[in-house]
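Novice: Have a look at the structure that comes next, please.
The values are calculated or read from the model by the stated rules, or taken from the named source; none is laboratory data. These numbers were taken from a predicted model, which means no experiment stands behind them. Glycine gets a Cβ as well: all are built from the backbone with ideal geometry, and neighbour counts include every protein chain shown. Remember, those area values only see protein heavy atoms, side chains included, never the ligands or the DNA or RNA. Shrake-Rupley method; radii C 1.70, N 1.55, O 1.52, S 1.80 Å.
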Amino acid sequence: MNERQPRWTQTWLGGVRAAGVDLGHPGVRLGLPETGSGAVAGWGRRIGAVLVDWLICAWAIAGGLLRMEGQDIGLFGLGIFALEYVLLVSTIGMTLGMRLFGIRVAALNGGRPALPAVLVRTFLLCLAVPALVWDRDRRGLHDRASGTVVVNL
């Protein structure tokens, strides 16, 4: 039995999964299913939803409806984006882009997140960097700080 061992670089560059450690599916530590409704949403859906929301807020509303130009589109677009997130996620648990991609923001207990959690999550999401750092459950720093997770509908 000559079992192939991972190269030494695979154990730290690729993380523990590359070394053959099974950590389970994303969300297993949170009690979420592996697939289907309530499972942790994939990155493609999440990025798609943010892009749709950003295009609606910056291009359609700030640029088209409010007739902003130049750098004002980005600044006002970000403000509209934050307002959309706070209003929609705190009331229905998802934005327009999230609905289009079939995902929603949930509190760790499965319900809709409370307004303070949505405010923290939105502020950190607008900073962008916290959303780019995530854990093995696909939760960005903005999700961890607000006690939320993005799940499939």
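Novice: Stokes-Einstein diffusion coefficient for the range 32-91 at 4 °C in a medium of 1.567 mPa s, Rh from the Kirkwood formula over Cα pairs: what value in µm²/s?
Specialist: On the way: Rh = 12.8 Å.
It diffuses with D of about 101 µm²/s by this estimate.
Novice: Here's a follow-up. Please give the peptides 133-145, 95-107 ranked by average Cβ packing (other Cβ atoms within 10 Å per residue), highest first, as a rough proxy for protection.
Specialist: So the order, starting with the most tightly packed, is 95-107, 133-145.
Novice: Something else about it: Against the 2.2 N^0.38 Å scaling, with N counting residues, where does the range 31-153 land? I'd like the Cα-based Rg ratio to two decimal places.
Specialist: Normalised Cα radius of gyration, the range 31-153: 1.04.
Novice: In the calculated pair distance distribution of the range 92-153, what percentage of Cα-Cα distances lie above 17 Å?
Specialist: In whole percent, the share of Cα-Cα pairs in the range 92-153 beyond 17 Å is 35.
Novice: Calculated from DSSP H runs of 4 or more alone, at -39500 (n - 2.57) each and per residue, what is the 222 nm mean residue ellipticity of the chain, nearest 500?
Specialist: That comes out to -13500 deg cm²/dmol.
Novice: Sticking with this one: Would you mind getting the accessible area per residue of the range 46-126, heavy atoms of the protein chains only, 1.4 Å probe, in Å²?
Specialist: Per-residue accessible area for the range 46-126 comes out at 56 Å².
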